[in-house]
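One structure is given below, encoded as structure tokens.
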């Protein structure tokens, strides 16, 4: 069965180019194209795509507004954001709302297929030049003065460390390299974290990490 992809962008020329690039992969099928966030929401409801490839900046509700609604109604759908922006504010908001990754439009022709494969495998794809930007914007000192009975107290020091990386959008492979452990070990930590916190969705873990001061966001 082919992977169903919905394309969303208000620039026809870019949509045509992306559709051409995606046609290189036989297992993928572009099931529809949309030019607004509102249209993307409706098409996601009716077509139930596996992946939504969407511009972050569009008129109306915009990409982030559409992302939030799509993930609320279809939590299992992957949403990969296309962006011309390298401002951390756009990226942080999209990550918190449940984006599976980001690709800069100027690099789409070289990075898109790799990004989609990464996202479809269940990991997060962040274009390399954006990674440091996100780290600078997100990482902060642990917040002091939290109540002792917080769910955070259930986590070990290493589990907190893994949670930070997950919230920042690192893949399991990237976390494994940072911590000098195997990918299976990282997956085991993630499973324990989700079980302890009763949170399965990455967006829930991101919000928890922010609320507990493990990472910070300046809104």
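Couple of notes before you dig in:
- By the beta-carbon count within 10 Å of each Cβ, the least crowded to most crowded order of 55, 211, 10, fewest first, is 211, 10, 55.
- FRET efficiency for the residue 185 to residue 113 pair, using the beta carbon distance and R₀ = 30 Å, is estimated at 0.55.
- Rg/Rg_ref, the range 158-219, where Rg_ref = 2.2 N^0.38 Å and atoms are Cα: 1.05
- Legend: ranking of residues 208, 180, 102, 170 from fewest to most surrounding C-beta atoms inside 10 Å; resulting order 180, 208, 170, 102.
- Debye-formula intensities of the range 57-119, expressed as log10 I(q)/I(0) at q = 0.19, 0.27 Å⁻¹, are -0.71, -1.25 (one equal scatterer per alpha-carbon, no solvent).
- As a calculated quantity, the FRET efficiency between residue 104 and residue 177 at R0 = 22 Å, using C-beta atoms, amounts to about 0.45.
- Over every Cα atom in the range 24-94, the radius of gyration and the widest Cα-Cα span, Dmax, amount to 12.1, 36 Å.
No lab work stands behind these numbers, since they all come straight from the coordinates. This is a predicted model, so every value here is computed, not measured. Note that we place each Cβ from the backbone using ideal geometry, even for glycine, and neighbour counts take in every protein chain shown.
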